[in-house]
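K.L.:
Let me begin by handing over the structure; questions about it come next.
Each reported figure results from applying straightforward, stated rules to the coordinates on display, with no laboratory input. What you are looking at is a predicted structure, and each value in this text was computed from that prediction instead of being measured. Every residue, glycine as well, gets a Cβ built from its backbone with ideal geometry; the counts of neighbours run over all protein chains shown.
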Amino acid sequence: MNAVTHSAPATTRERLLAAAAELTTTAGWAGVTMGKLAAHAGVSRQTVYNELGSKAELAEALMVRETDRFVEDVTRIVAAHPGRPLDGVTAAFRETLETARGNPLAALALGGRPGGRDDFLPPLTSRPEAVLGRAVDAVAELFSSHYPEAPLTASEWPVAVEAVVRLLLSHLVQPSGSVEHATGQTRWVIGRMLGA
């Protein structure tokens, strides 16, 4: 008899963030209110405030949620490229770029829809450590531990990763070509960093 595995039930906060992401992608960030979120999730407004705080804190929580998903994806990609840092880092860049180009929240945060940028962008600019810093630290540690053969020290990996993440953001905000083109450019940069 096969054992049935069940994932843990979503917490109230997780359910609220999922509902907020759905509302944001359908109504736009300007259309999201704590009252609408409460109604959409089937909870009281007080529950929304208790779990998420203000609308600015909600924006940050949504971006942190997406950042954590990004780190999970990179972890999976790196595991598929053991002992090959150039291939692993390049694959992580490519898949992240492809995923982000199709992610409505990323598009909104980066100014992809009118009216969304001014309200939703602050977590990326006013408190970059919450999003950019979190991603850079986690991915740098991941690359450093999985690719000890790479010629970068533990203190150099964060510099390299931040440069690659900023390249990624640049290609998202102002695409200059296909994913293949962006990946080819970035592979060359990564190769130079790694001495490959």
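K.L.:
Looking only at the stretch 42-56, which residues have a backbone nitrogen under 13 Å from a spot 7 Å from the Cα of Thr33 in the C-beta direction?
P.N.:
Residues 45 fall inside that zone.
K.L.:
Let me ask something else about it. Within 14 Å, Cβ to Cβ, of His81, how many net charges do the neighbouring residues add up to if Lys/Arg are +1 and Asp/Glu are -1? Show your work: numbers first, answer last.
P.N.:
Numbers: positive: Arg76, Arg84, Arg94, Arg187; negative: Asp73, Asp87, Glu95, Glu149.
Spelling it out: positives minus negatives among the neighbours equals 0.
K.L.:
How far apart, in nm, are two points set 7 Å out from the Cα along the Cα-to-Cβ line at Glu72 and at Ser44?
P.N.:
My value for the distance between the label points is 3.1 nm.
K.L.:
Moving on to the next point. Name the shape class, rounded, prolate or oblate, that the alpha-carbon gyration tensor gives for the stretch 1-100, where a ≥ b ≥ c are the square roots of its eigenvalues, rounded holds for a/c under 1.5, and otherwise prolate holds if a/b is larger than b/c and oblate otherwise. Spell out each step's value before the answer.
P.N.:
Working: a/c = 3.01, a/b = 1.66, b/c = 1.81.
Judged from the Cα gyration tensor, the stretch 1-100 comes out oblate (a/c at least 1.5, b/c at or above a/b).
K.L.:
Report, as a whole number in µm² per second, the diffusion coefficient that Stokes-Einstein gives for the stretch 8-53 at 4 °C and 1.567 mPa s using the Kirkwood radius over alpha carbon pairs. Let's see the in-between values first.
P.N.:
Values: Rh = 10.4 Å.
Diffusion coefficient, whole number: 124 µm²/s.
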